[in-house]
1. Tell me, which strands (runs of 3 or more DSSP E) wholly within region 1-74 include 2 or more residues that are more than 30 Å from residue 323 (Cα to Cα)?
2. Condition check: open to solvent by 10 Å² or more (accessible area, probe 1.4 Å), touching a strand residue (DSSP E or B) at 6+ places or on another chain (Cβ under 8 Å) and in a helix (DSSP H, G or I). Does residue 188 satisfy that?
3. What about residue 438, is it loosely packed, with under 15 Cβ neighbours inside 10 Å, within 16 Å of the ligand (Cβ to nearest atom) and in a loop (DSSP other than H, G, I, E, B)?
4. I'm trying to understand the selection: among the residues of region 111-165, which are more than 16 Å from the ligand (Cβ to nearest atom), assigned to a helix (DSSP H, G or I), of a type in the set (A, V, I, L, M) and within 29 Å of residue 287 (Cα to Cα)?
5. One residue is enough: does region 372-381 have a residue meeting the conditions in a strand (DSSP E or B) and surrounded by fewer than 23 Cβ atoms within 10 Å (Cβ to Cβ)?
6. Which residues, counting only those in region 201-225, are under 18 Å from residue 58 (Cα atoms) and open to solvent by 10 Å² or more (accessible area, probe 1.4 Å)?
7. Determine which member of the set 299, 262, 292 is under 22 Å from residue 395 (Cβ atoms) and in contact with a helix residue (DSSP H, G or I) (Cβ under 6 Å, 6 or more places away or on another chain).
8. Within region 88-140, how many residues are within 22 Å of residue 68 (Cα to Cα), surrounded by 20 or more Cβ atoms within 10 Å (Cβ to Cβ) and among the β-branched types (Val, Ile, Thr)?
Amino acid sequence: NGHVYKYYSQGEWKNSSSGKSVDIVNPTTRKNQYKVQACTQDEVNEVLESAKSAQKVWAKTPLWKRAEMLHKVAAILKENKDPIAECLVKEVAKPAKDAVTEVVRSGDLLSYTAEEGVRVLAEGTFLTSDSFPGNERSKYCMVSKIPLGVVLAIPPFNYPVNLAVSKMGPALIAGNALVLKPPTQGAIAALHMVHCFHLAGFPKGLISCITGKGSEIGDFLTTHPAVNCISFTGGDTGIEISKKAGMIPLQMELGGKDACIVLEDADLDLVASNIVKGGFSYSGQRCTAVKVVLVMESVADALVKKVNAMVSKLKVGNPEDDCDITPVVSETSANFIEELTMDAKQKGATLCQEYKREGNLIWPLLLDNVKPDMRIAWEEPFGPVLPVIRIKSAEEGIRHCNGSIYGLQGCVFTRDINKAILISDAMETGTVQINSAPARGPDHFPFQGLRDSGIGSQGITNTISMMTKNKSIVVNLP
Ligand code: G3P
């Protein structure tokens, strides 16, 4: 149908003056499902102008009131979980149950952010001068946390709601204004979520949501002088953004190639269930998905057998039917997954299941006997295809993990806690999970990637402090 969803600016829902729209394709039907406004650069200017002035007032609004607003929006969001989840199902083919979970998790995240904010933002530091050589006790330094100004949030398609609020909540509690540029696939869910903020009654202009083509407004937004901080989650675009962005704090979470190292003494049933959950949930479209299994040769056959048994039970089909494996986000993505799979096949990998694809739907596939010369050993398919590399020593596994351009998370399975800690220490990633698959949550845990996986650290507390700056007032005594 011809309906074009409006964008959100100055507390109102508006049509773009461009008269143009962007189509959102349903990954399952591969037909156009929704349309959003193709906003112009002038509209970006307008949004940022009002964000700047609204922020000044917001920063002076008492912290407890800002927290109250976030609690309110958290409740509204949870009340509206079903219609928002429905958009996630249609736009990004997220399985129905997971879509609801994403919205509920987002409500919880906002409440937690409100509670954490009233505590950490109320605290500052007090210093006296006489600890530094040559000084008397004549200077008192009071340090508090002040907002940065306008925060630009750019979340990815895989969590258009959750990875938007994980940036919005901290930005707002800290006294910043927020401009959201949602991913095109996921924009409608994001607009519905923004409507919850609208209903909660946030001041006009403080929050806005701008939609459109990256090619027209992407660079314009990310290099705009009125933007004081960018929080981005997504792919390689993040590298481009960080090269072009000005002298402002950046929070980036890009890809991952999370390794799962399995030692001989591991509980193989536990490993298998974590590999299936970690590798195949949301069809592998998570930056924290298990993306390469590095298993000791002696237990490899047994493990592969267990994983295959579980893979055969995965339900493949439509997100509406709450299947485990659903169509990947786009045809381009499906083609890329296929390309990596065929490269591995040609170079001699063992396909544990038959390779099967219908449209954007790719059946789950375990690739055994993968070797380092295969692209899938290093590249991120972002799909339900998981490589297994057989290793002769833990060191070989660690070397593979550290040889990656990514360094998001990793995991190690063993019953020997000393080995687990030594290996965790040696793995050069932002987080290592012992005896569980990688995951970002719970959402107050620090979350960070090394190398091309990102800049800075996320998690509720870290994001709040990243979106503030220290301000010192020094009292000079006579
Ligand atoms: O892919 C986004 C990343 O943040 C993953 O989150 O919760 O699936 O571990 P999660």
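1. Correct list: 7-9, 12-14.
2. No.
3. no
4. Within region 111-165, 114, 120 qualify.
5. no
6. 201, 202, 203, 204
7. 262
8. Here the count works out to 2.
The values are calculated or read from the model by the stated rules, or taken from the named source; none is laboratory data. Just so it is clear, the model here is predicted, and its values are computed rather than measured. Here the Cβ is made from the backbone with ideal geometry for all residues, glycine too, and neighbour counts use every protein chain on show. For accessibility, only protein heavy atoms count, side chains too; no ligands or nucleic acids. Shrake-Rupley method; radii C 1.70, N 1.55, O 1.52, S 1.80 Å.
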